[in-house]
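The structure under discussion appears below in the form of structure tokens.
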Amino acid sequence: MIKYTNTDFEEITQQQIDKSKEYHKETYENGELKLIQKYWFKGRKGEISYSGGEYYLSPDENLDNIINQYLPIGISWFFYYNKETNANNDEKWEYQFFYNGILERKGIEVYNKNGQLLASCIKDLITNEIDEKRKYFYGDINVFKRINSKYAYYTFNYENHEIETIFVHDEDYRLNEFLVSDEMNIFSWNNHPYYHNFTPLLPTGLNI
């Protein structure tokens, strides 16, 4: 199955594509996203340019082969591999990001069944040491109010797998500050064990 989306990944029609400066072509296999190809119109004549995209590997595919196949076309590519899932259909992926054919970043990302980012980190390109360890909490937008529900309400930052800071309302809290703040009126710390430590990245229970 193929569908077309805008830069916010909202589905659009062929007529909307003709009026768009940028759009995506998404390819699905057995109901799962396989490939995103990103296009944009450039120049006065509105010529279509292929800027790259995202590829989601199956267990039987070879990462190096897929990279060699797609790097020559497009400028920037994300390759997602080593997929893991849990009983709640959350997904954990490793990824590598290339720009102009050069590996610039690699890391791990975890998404829930709604496509929201639950956890992320980056890996050192040489040593594979993990840095920028974060988890994200969204919650009911009627309780955890914000302009757009696709953005996290809390961002938990970790050092040595333990919480270093919690970002909320344009402010960073230390854990001891967070636990005595007004946030405890809407967020039950004991009921969200997933955020107490950076590991495990993939939730092991339905209650995170």
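Take every Cα pair under 8 Å in the range 121-208 that's 6+ residues apart, average their separations, divide by the length, and report that relative contact order as a whole percent.
20
Distance in nm between label sites at ASN207 and LYS150, each 7 Å beyond Cα in the beta-carbon direction?
Output for this residue pair reads 3.1 nm.
Please state the relative contact order of the chain as a whole percent: Cα pairs under 8 Å, 6+ residues apart?
10
Quick one: order TRP189, TRP40 from most to least accessible surface, probe 1.4 Å.
TRP40, TRP189
Quick check for you: with a 1.4 Å probe and neighbouring chains kept, what is the accessible area per residue of the chain, in Å²?
62
List the trypsin sites (Lys or Arg not before Pro) in the range 1-39 that DSSP assigns to loop (not H, G, I, E or B) and whose Cβ has at most 12 other Cβ atoms within 10 Å. Which are they?
Of the trypsin sites (Lys or Arg not before Pro), the ones in loops of the range 1-39 whose Cβ has at most 12 other Cβ atoms within 10 Å are LYS19, LYS21.
Once you charge only the Cβ atoms, +1 for Lys and Arg and -1 for Asp and Glu, what is the size of the charge dipole of the range 67-208 about its Cα centre, to the nearest 20 debye?
Result for the range 67-208 is approximately 540 debye, rounded to the nearest 20.
Using θ = phi - 60° and the Karplus relation 6.51 cos²θ - 1.76 cosθ + 1.60, list the HN-Hα couplings for the range 132-146 in order, rounded to whole Hz, with x at every Gly or Pro.
6, 7, 9, 10, 10, 10, 10, x, 5, 5, 6, 9, 9, 7, 7
How are the alpha carbon pair distances in the range 57-208 distributed across 5 Å bins from zero to the largest one, expressed in percent?
It works out to 2, 8, 16, 19, 18, 14, 10, 7, 4, 2, 0, in whole percents.
Within the range 37-179, what is the number of lysine pairs with alpha carbons under 22 Å apart, leaving out pairs fewer than eight places apart on the same chain?
Total qualifying Lys-Lys pairs in the range 37-179 comes to 26.
Would you mind getting me the FRET efficiency between LEU125 and LEU175? Use the beta-carbon distance for r and R0 = 22 Å, nearest 0.05.
Here the calculated transfer efficiency is 0.10.
Rank ASN207, HIS169, SER20 by how far each Cα sits towards the positive end of the charge dipole of the chain (+1 on Lys, Arg Cβ; -1 on Asp, Glu Cβ) and give me just the farthest.
Result: SER20, furthest along the dipole toward the positive end.
As a test of the formula, what do you get for the chain when each DSSP H run with n ≥ 4 contributes -39,500 (n - 2.57) and the sum is divided by the residue count, at 222 nm and rounded to the nearest 500 deg cm²/dmol?
-2000 deg cm²/dmol
Roughly how big is the range 2-96's charge dipole about its Cα centre, with Cβ charges of +1 (Lys, Arg) and -1 (Asp, Glu), in debye to the nearest 20?
680
The values are calculated or read from the model by the stated rules, or taken from the named source; none is laboratory data. What you see is a predicted model, and the numbers here were worked out from it, not measured in a lab. Quick reminder, even Gly has a Cβ in these numbers, built from the backbone with ideal geometry, and neighbours come from all protein chains shown. In case anyone asks, the SASA skips ligands and DNA or RNA and just uses the protein heavy atoms, side chains included. Shrake-Rupley method; radii C 1.70, N 1.55, O 1.52, S 1.80 Å.
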